[in-house]
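Engineer: To start, I am sharing the structure in question, which I have written as structure tokens.
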Amino acid sequence: MMKIKAFTSFQPLRTKLQDTLLPLLLSAVITATVMASPLNFIEAPLYDLRQWLSGKPSIDERIAIVTIDDQTLNQMNELSPLPLSAHLRAVEAFEKQEVKAVGYLVDFNKVQRIDTRGFESEVLQDFYRSTVRMNAQGTPFMLGIPYDLTGEVTAPYPLSQIPQAVAIVHRDGTNFGKDKVTRRALISLYEKLAFEMSLANRIYANETVANPPGSYKSNETDAQYFMLRMHQNNGVVYDSNYENFSYPRYSFVDLIEGKIPAGTLKDKIVLVGTFQRDNPNDFTLMSSLSNSGLTPKVLVQANILDSILNHQGIAEIPSPILAVFCFTLSLLIILASLRIRPSRLITFTLILIVGTLLLSVILFQSIPLIGDLWLPLGAPFLSLTISFYLMIPLRLYAEHRKRYELEKENKVLLEVEEMKTNFLQLVTHDLKTPVAKIQGLTEQLKRSLSDKLDSKDIETMNHLFSANEELNHFIGSLLELTKLDNQGLRVNLQSKDINQLLENIVMKHRFAAQSKQILVHPDFEPLFPIRIDSELITKVLSNLIDNAIKYSPEGTRISLHTREIGENIEISIQDQGIGIPESEIQNLFSRFYRVKNDTTIKVKGTGLGLYLSKYFIESHRGTISVESTVGEGTRFLIRLPMNLSEKDLVQPGLTTKKIKKKLEMKKEMIHA
């Protein structure tokens, strides 16, 4: 016995541990699976979406761009990237403008190919000496050189002696998106600083320029990168229709011809690069979500330099924090699936998806001293998806199992209900015959022996007769209830005068009222006959008046009122009896329910009268209500429609046959 008791007390604890540990274990497995999955194909477009939705930082006004553009080539009638003499004039113009630094993003190997003679003349030496002089005077002049399969492609001698670094606009080809989109910038390659980082270090030669936030090293390429953020000016990054740049841009030809006002470029960091509309090598794809998609490389390099100078970058959320976040999302979905309906689970999952996206957009904004935080969305979204599609079948299985159990329970209840109905019908039917015999024999004995019995025996016979009447009334009520449950109610409409019905009922109960010195006061308005089932309505009114007499003290008053209100006839029966507590009123019309107090215990009843009364009234599309105050009395109010036809009749409640039919319909829907 002790073992059984210990086992049963242990069961709730074991169930509680299962309900707690299983969701945690399942969430941990999903999180581990997601974190180990390659999700760059999902993350890359989501990253672009976040870039598009997020606000962009403002430009650093110290940076300016000079482009060898279509205007320059047309006015000079030359080929890109122009003869060496033109570049010499540009360097001289920069000296006059007193710029802060120059980043020259021009491939001088191409210049040499279109201007071989220039590299064999004094022009080359003048260009070289000018750049050396600028560096010596504290104005960094740096060349950006290309990089191919063989490595760095340095400028021809003696330009190879000018400070230079690899200038690469990186595109995702083997990592991350693998879609040739520029999302990150190069910091160093093979432990050599890239062009923008090297130029920044030369501008601030007395201090070390730190790597932007979120910088990381790729062991595959032996390079350092950081995720790039584009800058805007008045909401514009690059407008391809008008060739507008976010940074101030000047045409190369205007520079060398002195059309740029003196002092315009003073203390500016100037980047010089090629920009021809018809040359695809001058552009890179930033994002399919941006306005243009294709963006000039020189503009991208200006943004890289801006991010380095102002310590702006995008720092990825650490993997442990991301794992905890994914675990939390999975756990929320799993717990929600066990507690809410599948339809609400869909809404809850969508809310989590949208909330995660909004959180990532908020974190993606520029935060002082931290930069922009990158919350990868691939792993959280996959966690939500796996959790949802894993739990939906489990929840549907649980719902199906629960529905199956309910069906079994309903079947048992229906069988019990049918057995109860059959039992009541059998018992009441079998009791009706002997009760009728007892009543007949009692009346016969009373008539035949009335002269031989003394007053005490006659009183005993009267009590026996009264008890038999009560038993007969009880059996009649049960028979009527079982008939309603099995066959429903048949209403026979006839035109009847409600006032006349009430008068007949009052006459029937006159003796009972007089025995308690209760005054039954009728106050009837003249009414037209209405269509009702007089037998059913008579039972209702008789039951209410009988109850009013039973539960009213001696010497009180019962008021009966009838009147016409709109399209209804209103019948009011008000007594000055014991009253009904408010807590009991809501159950007053239930089967076999009786108000429990000292008075009702002494009064015999079945608890079916008011239930049947409500049933009969509602079958006429009427209403019955009650108002009561304890110690003051009770008022029953009945309203019946004046214009009732057969098509308006209803069957209140559900009979046993209807319940069976409804259950069969549910089964058909489930199997379908």
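The values are calculated or read from the model by the stated rules, or taken from the named source; none is laboratory data. On a predicted model such as this, the values are computed, not experimentally measured, just so you know. Cβ atoms come from the backbone with ideal geometry, glycine included; neighbour counts cover every protein chain shown.
Engineer: On the given criteria, is G103 modelled with pLDDT under 95 and either within 22 Å of G258 (Cα to Cα) or not in a strand (DSSP E or B) (or both)?
Structural biologist: Against the criterion (modelled with pLDDT under 95 and either within 22 Å of G258 (Cα to Cα) or not in a strand (DSSP E or B) (or both)), G103 does not qualify.
Engineer: Looking at L193, L199, L255, which one is modelled with pLDDT of 90 or more, under 22 Å from L271 (Cα atoms) and in the same structural domain as A136 (by TED's automatic domain parsing)? Let's see the steps before the verdict.
Structural biologist: Details: L193 fails: in the same structural domain as A136 (by TED's automatic domain parsing); L199 fails: in the same structural domain as A136 (by TED's automatic domain parsing).
One residue alone meets the criteria, L255.
Engineer: If you don't mind, there's one more thing I want to ask. At pLDDT 75 or above, out of contact with any Pro (no Cβ under 6 Å at 6 or more places or on another chain), among the acidic types (D, E) and assigned to a helix (DSSP H, G or I) - does that describe any residue in region 618-630?
Structural biologist: no
Engineer: Quick one: F41 ticks every box in (1) out of contact with any Ser or Thr (no Cβ under 6 Å at 6 or more places or on another chain); (2) buried (at least 18 other Cβ atoms within 10 Å of the Cβ) bar one, so which box is it?
Structural biologist: With (1) out of contact with any Ser or Thr (no Cβ under 6 Å at 6 or more places or on another chain); (2) buried (at least 18 other Cβ atoms within 10 Å of the Cβ) applied to F41, the lone miss is (2).
Engineer: Being of a type outside the set (A, V, I, L, M) and either touching a Cys at 6+ places or on another chain (Cβ under 8 Å) or not in a strand (DSSP E or B) (or both) is the filter here; which residues of region 237-255 pass it?
Structural biologist: If the condition is that a residue be of a type outside the set (A, V, I, L, M) and either touching a Cys at 6+ places or on another chain (Cβ under 8 Å) or not in a strand (DSSP E or B) (or both), then S240, N241, Y242, E243, S246, Y247, P248, F252, D254 are the ones that fit.
Engineer: Would you check which residues across region 116-158 are touching a strand residue (DSSP E or B) at 6+ places or on another chain (Cβ under 7 Å) and closer than 16 Å to V91 by Cα and list them?
Structural biologist: Within region 116-158, the first condition is being touching a strand residue (DSSP E or B) at 6+ places or on another chain (Cβ under 7 Å), and the residues that meet it are 131, 134-135, 139-145, 147, 152-155.
Hits for region 116-158 are T131, M134, N135, T139, P140, F141, M142, L143, G144.
Engineer: Here's something else I'd like to know. Can you report the number of residues in region 184-209 which are closer than 17 Å to A302 by Cβ and in contact with a Phe, Trp or Tyr (Cβ under 8 Å, 6 or more places away or on another chain)?
Structural biologist: 4
Engineer: With respect to L271, determine if the residue is part of a strand (DSSP E or B) and not polar (S, T, N, Q). Reasoning before the result, please.
Structural biologist: Details: part of a strand (DSSP E or B): yes; not polar (S, T, N, Q): yes.
Yes.
Engineer: Right, another one. If you check every pair at least six apart or on different chains, which have Cβ atoms under 6 Å apart with a residue in region 59-76 that is under 20 Å from L228 (Cβ atoms) first and a residue that is among the small types (G, A, S) second?
Structural biologist: Once the first residue is under 20 Å from L228 (Cβ atoms) and sits in region 59-76, its partners that are among the small types (G, A, S) give I59/S246; I63/A302; I65/A302.
Engineer: What's the total number of residues in region 146-184 that are in contact (Cβ under 8 Å) with a residue 40 or more places away in the chain, closer than 18 Å to F195 by Cα and outside any loop (DSSP other than H, G, I, E, B)?
Structural biologist: Of the residues in that region, 3 qualify.
Engineer: Another question, if that's okay. Out of curiosity, is T31 closer than 28 Å to S307 by Cβ, modelled with pLDDT of 90 or more and surrounded by 19 or more Cβ atoms within 10 Å (Cβ to Cβ)?
Structural biologist: Details: closer than 28 Å to S307 by Cβ: no; modelled with pLDDT of 90 or more: yes; surrounded by 19 or more Cβ atoms within 10 Å (Cβ to Cβ): yes.
When the stated conditions are applied, T31 does not pass them.
Engineer: I'd like the residue in region 286-341 that is among the charged types (D, E, K, R) and either within 26 Å of the chain's Cα centre (by Cα) or part of a helix (DSSP H, G or I) (or both) and, out of all such residues, is surrounded by the most Cβ atoms within 10 Å (Cβ to Cβ). Before the answer, list the steps.
Structural biologist: We begin by selecting, within region 286-341, every residue among the charged types (D, E, K, R); these are 297, 306, 316, 339, 341.
Now narrow it down to the ones that are either within 26 Å of the chain's Cα centre (by Cα) or part of a helix (DSSP H, G or I) (or both): 297, 306, 339, 341.
Working: K297: 19, D306: 25, R339: 9, R341: 11.
It comes out as D306.
Engineer: If I filter region 185-218 down to residues being hydroxyl-bearing (S, T, Y) and part of a strand (DSSP E or B), which single residue comes out as surrounded by the fewest Cβ atoms within 10 Å (Cβ to Cβ)?
Structural biologist: Of region 185-218, the ones hydroxyl-bearing (S, T, Y) are 188, 190, 198, 204, 208, 215-216, 218.
Now restrict to residues that are part of a strand (DSSP E or B): 188, 216, 218.
Values: S188: 19, Y216: 14, S218: 11.
Step by step, filter region 185-218, then rank; the result is S218.
Engineer: To continue, here is another question. Report, by residue number, each residue of region 18-74 that is of a type in the set (D, E), in a helix (DSSP H, G or I) and within 30 Å of G273 (Cα to Cα). I'd like the intermediate steps shown before the answer.
Structural biologist: Step one: filter region 18-74 for residues of a type in the set (D, E), giving 19, 43, 48, 60-61, 69-70.
Still in the list and also in a helix (DSSP H, G or I): 19, 43, 48, 70.
If the condition is that a residue be of a type in the set (D, E), in a helix (DSSP H, G or I) and within 30 Å of G273 (Cα to Cα), then D48, D70 are the ones that fit.
Engineer: If you take the residues in region 230-271 that are farther than 29 Å from E92 by Cα and among the small types (G, A, S), which one is surrounded by the fewest Cβ atoms within 10 Å (Cβ to Cβ)?
Structural biologist: G235
Engineer: Residue check, N499 against (1) polar (S, T, N, Q); (2) crowded, with 16+ Cβ neighbours inside 10 Å; (3) over 16 Å from S572 (Cα atoms), all met but one. Which one?
Structural biologist: (3)
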